[in-house]
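In what follows, a single structure is set out as structure tokens and then discussed.
The values are calculated or read from the model by the stated rules, or taken from the named source; none is laboratory data. Worth saying up front: this structure is predicted, and the values here are computed from it rather than measured. We place every Cβ from the backbone using ideal geometry, glycine too, and count neighbours over all the protein chains shown.
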Amino acid sequence: MSKAAPARRIPVPDWLERPALTALLDALGEGRFVGGVVRDTLLNLPPGDLDLATPLEPPEVLRRLDAAGIRAIPTGLSHGTVTAVLADGTPVEVTTLRRDIETDGRRATVAFTNNWAEDAARRDFTLNALYLDRAGGIWDPIGGIGDCLAGRIRFVGEPLRRIDEDVLRILRFYRFQARYGRTPADPAARAACRARTDRIERLAGERLQAETHKLLHARDPAPTVRLMIEDGVLAAYLPPPFRPDRLAALVALEPETDSLRRLAALLPPGAGAAAAERLRLPTAMRDRLVLLTGANPVDLSADAQTQRVLLYRRGAALYRDFVLLRAAEDGKADRARALIALADAWTSPALPVAGRDVRALGIASGPAIGRILSEVEDWWIAGDFQADRAACLERLKAIAGV
């Protein structure tokens, strides 16, 4: 461990005083937390995943964890990573300090080192190249504290070199700008991203999906999305033309954040299937995105009965999506809020008759039962769901001709 002093000291955060973490640090002897957990602690945000950097090489990490009775998973030994599973079930990724030997834009060949500055130099952004020791000391080999506190997103070193190491860092730059940025986006970083947009097509859909979800989950991603459109980044992997104004309007309207709904607001009509394919979305997410980028059945000015029919046909969750997307276009925020309240209070009624009632009339099982029930249901819906079981049975008999 370096004998230099940390750049700053903070009170030891509560999360670092957990007994299970103390046991891990005691077992390893040498280690500092790094990356997101340090950044978020410095910004007084809830900590996320725990990553620990150490000069110890993987075999020694495994030996010490075993001696301390801490479960170890050899997650990525060639990259220096061992996952320690603490007594309370918390996973901590323990990674040996390293430097890149060779990169291809998606993965790196690394060599281990005991030099903290070399490890920091291979990280993506300055605010992620911060290390926290168990005493509350923040180690800052490349000057990331100032950037972190100012909300300034800068690549470590030369932006093009960082991007060439992993092209996904283009999306990560904009995602971090949306989440943490409080100053105008760094011109040098944007220029580097523009220069490498043609390489985005090499990235796996799953990686693009994860970054896009995180970007759109930011409190207000619309300003950053506009930058991505200007810089040609979004069109490098999603179908244009984009609708950032609609996205901004949706963000202002929605009662809760929903990244897939935000994506639907941003995409052009009918683009859901192509976007889902590129992002390798799971089937349920794909189907929802296709619906939300298709024809919107909601008319905000329609009467209450029409709204109830849509609620019944589409379900409250999908109806709520359609209302918000329509309002993002029409600007009728008050009406949208009233319809959202209607959806929140909605309990879907059940059709009072079923297939067994049709069969009781002597009609054999088969397509005729579904057709008859569908006709009864249409009649029941047209009557605003008011007909009771007796009335529905009479209607069923009339349709069945018995």
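Exactly one residue out of Ala27, Ala111, Ala72 is assigned by TED's automatic domain parsing to the domain that holds Arg134, in contact with a Gly (Cβ under 9 Å, 6 or more places away or on another chain) and either of a type outside the set (Lys, Arg) or in a strand (DSSP E or B) (or both): that is Ala27. The sole residue among Ala295, Ala302, Ala248 that is outside any loop (DSSP other than H, G, I, E, B) and not basic (Lys, Arg) is Ala248. Which of (1) at positive phi; (2) within 26 Å of the chain's Cα centre (by Cα) does Gly157 not meet, given it meets every other one? The one condition Gly157 does not meet is (2).
Restricting Asp124, Asp119, Asp133 to those that are in contact (Cβ under 8 Å) with a residue 12 or more places away in the chain, surrounded by 14 or more Cβ atoms within 10 Å (Cβ to Cβ) and more than 28 Å from the chain's Cα centre (by Cα) reduces the list to Asp133. Restricting attention to the stretch 40-62 and to residues that are part of a helix (DSSP H, G or I) and more than 19 Å from the chain's Cα centre (by Cα), the residue that is surrounded by the fewest Cβ atoms within 10 Å (Cβ to Cβ) turns out to be Pro59.
Among the residues of the stretch 94-110, are any over 26 Å from Leu21 (Cα atoms), at pLDDT 95 or above, in contact with a helix residue (DSSP H, G or I) (Cβ under 8 Å, 6 or more places away or on another chain) and crowded, with 18+ Cβ neighbours inside 10 Å? Taking every residue of the stretch 94-110 in turn, none turns out to be over 26 Å from Leu21 (Cα atoms), at pLDDT 95 or above, in contact with a helix residue (DSSP H, G or I) (Cβ under 8 Å, 6 or more places away or on another chain) and crowded, with 18+ Cβ neighbours inside 10 Å.
Looking for something under 30 Å from Pro244 (Cβ atoms), of a type outside the set (Lys, Arg) and within 38 Å of the chain's Cα centre (by Cα) - is there at least one such residue anywhere in the stretch 345-368? There is no residue in the stretch 345-368 that is under 30 Å from Pro244 (Cβ atoms), of a type outside the set (Lys, Arg) and within 38 Å of the chain's Cα centre (by Cα). Please tell me if Arg288 is part of a helix (DSSP H, G or I), basic (Lys, Arg), free of Cβ contacts under 8 Å to residues at least 60 places away in the same chain and not assigned by TED's automatic domain parsing to the domain that holds Val323. Answer is yes for this residue. Only one entry of Ala304, Ala343, Ala327 meets the criterion of being surrounded by 18 or more Cβ atoms within 10 Å (Cβ to Cβ) and free of Cβ contacts under 8 Å to residues at least 40 places away in the same chain, and that entry is Ala343. The sole residue among Arg190, Arg199, Arg194 that is under 19 Å from Leu160 (Cβ atoms) and touching a residue at least 60 places away in the same chain (Cβ under 8 Å) is Arg199. Residue count for the stretch 196-228 under the criterion of being farther than 12 Å from Gln177 by Cβ and among the β-branched types (Val, Ile, Thr): the result is 3. Within the stretch 155-167, being part of a loop (DSSP other than H, G, I, E, B) and surrounded by 21 or more Cβ atoms within 10 Å (Cβ to Cβ) holds for Val156, Val167.
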